[in-house]
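Enquirer: Below are the structure tokens for one structure; questions will follow.
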Amino acid sequence: MPKCLISGAETETFLSFGRMPIANGFLDRGEFQSEYFFELKVGYCPESKMVQLTELVERERMFHENYAFFSSTSRRMAEHFGRFAEFVQRSYLARSSDPFVVEIGSNDGIMLQHFASRGIRHLGIEPSANVAKVAQSKGVHTISEFFDEALAQRIVAEHGQADAFMGANVMCHIPYMHSVMAGVRRLLKPTGVLVFEDPYLGDIIQKTSYDQIYDEHAFYFSVASVEYLVARHELELIDVVPQHVHGGSMRYVIGHRGAHPVSENVIKQRLFEQELGLERPETYQQFARNVARSKQELMTLLRDLKQQGKRVAAYGATSKSTTVTNYCGITPDLVQYISDTTPIKQGKFSPGAHIPVVAHDVFAKNYPDLALLFAWNHGEEIMANERAFTDHGGKFILYVPKVHLA
Ligand code: SAH
Ligand code: TYD
């Protein structure tokens, strides 16, 4: 039985997606033979309440100088990070005479640029060198390293302690969470806060958004599991704020134990989780059944469309879609190509399923009959931009929360 990365207790594996490649491992034809695979499976720990991967991929296979995810590809996300920066500045920096903020997984500087432009002392920590370079070119101070306790000690020695330590869609990527939290404890001033957000377990369960499960996401956080984790480091969860991005995320605010009042939101959200059954193993068994049903419905639809001679393409070469294509068995005869605006992905093939990734032009110049929306989390933004496609009779295929056309 695999052991929980947080409590060390035995976890209960409730779902395996089978053989899976690296989610962001877009590749050339010549690399097909040497493609790396692992078993993607998830478990629940009744002690820490943490849902987590029970087989992990080495971090250097995922985060490197050719990392394929650039944060600034979505305008909505750029706006979201502007608001995130404002929230931190307004709520936690106002009383500091010389504020200092640190962001982990700062990518191309999408959030820190707001602190940089206001002349606020800041530091980004971004191990993927190519995206870190983009941030540096925007004038965002960034070091290309993995954050852990040792790095936190060095930062404190060089820059002093921080008022705010931030992270978006990165905490859940780091299996060595105890080293991260020990680092947070060293790094934060006595009144400093950790503010991070990640896809929320409650949304994943409610929407059957199983594509949030892939190699980079070691953890699927809830209020209960985050409370358990931070309590082990004499830290305390003081607020939670649900976010609409990425199909439903949760923002967690954490301080040193006893340093801040605890918001009512924390208690309310914990009760909600109990009602949803996030602490009952049966909930995860039911989730596994829902996932199997979703796969069956999607594949039936794609095979029917093929029989009817419809042209189906996909929209958004997301990391999430690697779980969908490989678990469901979506091949290039069912989905001809994936349109994506990220230059580094174009001309490559999708991990495992080997569906060609093409520039948006290919889609726009010759619309398919249907577009399978892999970037469903950006659905509003994309559908607003693609009115011409739907006006032309095109339809989007969605599979979250249920398989349907839009
Ligand atoms: N915060 C951005 C990027 C999320 S992608 C956004 O929300 O859009 C996750 C990022 O975390 C990647 O750029 C990856 O290189 C980085 N990362 C992974 N492990 C890390 C670690 N241990 N310390 C700091 N950054 C890390
Ligand atoms: P995203 O869903 O943000 O992340 P993940 O890889 O974590 O699942 O990825 C969105 C992808 O979709 C990214 O490769 C950029 C692409 N994209 C488009 O091609 N067009 C668009 O209009 C948007 C918003 C995204």
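Enquirer: Please compute the per residue accessible area over the chain with all protein chains in place, 1.4 Å probe, rounded to a whole number of Å². Display every interim value, and only then the final one.
Expert: Numbers: 16560 Å² over 406 residues.
Per-residue value: 41 Å².
Enquirer: Ok, one more. Between Phe37 and Met299, what's the calculated FRET efficiency when r is the beta-carbon distance and R0 is 22 Å? Round to 0.05.
Expert: Values: r = 21 Å, r/R0 = 0.95.
Efficiency, from the Cβ-Cβ distance: 0.60.
Enquirer: Let me ask another. Kindly report, to the nearest 10 Å², the accessible surface of Arg185 as traced by a 1.4 Å probe over protein heavy atoms only.
Expert: Looks like 110 Å² after rounding.
Enquirer: Still on this structure, please answer the following. Just grab the label-to-label distance for Lys3 and Asn265, each label 7 Å out from Cα along the Cβ direction, in nm (one decimal).
Expert: For the pair Lys3/Asn265, the computed spacing is 3.6 nm.
Enquirer: Ignoring everything except DSSP H segments at least 4 long, calculate the 222 nm mean residue ellipticity for the chain; use -39,500 (n - 2.57) per segment, divide by total residues, nearest 500.
Expert: Dividing the helical sum by the residues of the chain leaves -10000 deg cm²/dmol.
Enquirer: If a/c stays under 1.5 just call it rounded; otherwise compare a/b with b/c (prolate if a/b is bigger, oblate if not). Do that for the chain, with a ≥ b ≥ c from the square roots of the Cα gyration tensor eigenvalues.
Expert: It comes out prolate by the Cα gyration axes.
Enquirer: Another question, then. Treat each spin label as a single point 7 Å out from the Cα along the C-beta direction, and report the Gln206 to Tyr176 distance in nm.
Expert: Each label point is offset 7 Å from its Cα along the Cβ direction, giving 3.6 nm.
Enquirer: For the range 71-279, which whole-number percentage of the solvent-accessible area (1.4 Å probe, protein heavy atoms only) is attributable to carbon and sulfur atoms?
Expert: Carbon-and-sulfur percentage of accessible area, whole number: 50.
Enquirer: Calculate how many DSSP beta bridges within the range 71-279 are antiparallel, expressed in % of all such bridges and rounded to the nearest 5.
Expert: Antiparallel: roughly 45 percent of the beta bridges in the range 71-279.
Enquirer: Please work through the chain and write down the cysteines that have no neighbouring cysteine Cβ at a distance under 4.7 Å.
Expert: Cys172, Cys328
Enquirer: Just tell me which aspartates and glutamates come within less than 16 Å, Cα to Cα, of Lys310; anything on the same chain fewer than 8 places away is out.
Expert: Asp333, Asp369
Enquirer: Next up: If the cut-off is 17 Å between C-alpha atoms, which lysines fall inside it for Lys295, apart from same-chain ones fewer than 8 positions away?
Expert: Lys41, Lys207, Lys306, Lys320, Lys402
Enquirer: Please get the size of the charge dipole for the chain, origin at its Cα centre, with Cβ charges of +1 on Lys and Arg and -1 on Asp and Glu, quoted in debye to the nearest 20.
Expert: The dipole of the chain has a size of about 580 debye.
Enquirer: Once ligands and nucleic acids are excluded and a 1.4 Å probe is used, how much of Leu278 is accessible, expressed in Å² to the nearest 10?
Expert: 10
The values are calculated or read from the model by the stated rules, or taken from the named source; none is laboratory data. Values in this document were obtained by computation on a predicted structure and should not be read as measured data. No Cβ is skipped: glycine too gets one built from the backbone with ideal geometry, and neighbour counts run over all protein chains shown. For accessibility, only protein heavy atoms count, side chains too; no ligands or nucleic acids. Shrake-Rupley method; radii C 1.70, N 1.55, O 1.52, S 1.80 Å.
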